[in-house]
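The block underneath contains the structure these notes are about, expressed in structure tokens.
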Amino acid sequence: MTVRSRKEDAWCMIDVEDTGCGIPAEVLPKIFDPFFTTKGQGEGTGLGLSVSLGIVQRHGGEIQVHSHVGKGTVFTVRLPALHVRMPVGKDV
Ligand SMILES: Nc1ncnc2c1ncn2[C@@H]1O[C@H](COP(=O)(O)OP(=O)(O)O)[C@@H](O)[C@H]1O
Ligand SMILES: [Mg+2]
């Protein structure tokens, strides 16, 4: 697994890359669906990506995925790099 982060314009980008089995093209459109799993009964819940996408979207971001079967997968999380100024020495 490799995790990289960088800033691109007004976005924070985080790549989460693996050298795993990859995801076949016909499976890719379903991976963010709640309860979609290719794992056996009792192994997968199918909730990891759907919950992750929900969290990222509520922060105004998105998740992109690139995958090659037999080589691995990269998930890229893109979050708005908002600069919020908090008053110093004051209760808010
Ligand atoms: N890094 C990955 N490499 C290959 N397939 C993946 C990867 N992440 C997710 N998937 C595919 O997407 C499906 C849904 O993933 P997820 O929502 O995390 O649920 P779960 O891990 O419980 O199956 C997995 O069952 C698998 O088919
Ligand atoms: Mg998972």
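The values are calculated or read from the model by the stated rules, or taken from the named source; none is laboratory data. Because the structure is a prediction, the values reported are computed rather than measured. Here the Cβ is made from the backbone with ideal geometry for all residues, glycine too, and neighbour counts use every protein chain on show. These accessible areas exclude ligands, DNA and RNA; they are computed on the full protein's heavy atoms, side chains included. Shrake-Rupley method; radii C 1.70, N 1.55, O 1.52, S 1.80 Å.
Name the strands (runs of 3 or more DSSP E) wholly within region 1-91 that hold at least 1 residues that are near ligand 1 (Cβ under 8 Å from one of its atoms)?
Correct list: 11-18, 62-68, 72-80.
Return yes when GLY22 is at pLDDT 95 or above, open to solvent by less than 50 Å² (accessible area, probe 1.4 Å), within 16 Å of ligand 2 (Cβ to nearest atom) and touching a His at 6+ places or on another chain (Cβ under 9 Å) and no when it is not.
yes
Identify the single condition in (1) in contact with a Gly (Cβ under 7 Å, 6 or more places away or on another chain); (2) exposed (fewer than 13 other Cβ atoms within 10 Å of the Cβ); (3) over 21 Å from ARG4 (Cβ atoms) that PHE36 does not satisfy, given that it satisfies every other one.
Every listed condition holds for PHE36 apart from (2).
Please go through region 30-49 and give me each residue that is more than 10 Å from ligand 2 (Cβ to nearest atom) and within 26 Å of MET13 (Cα to Cα), ordered by number.
LYS30, PHE32, ASP33, PRO34, PHE36, listed by residue number.
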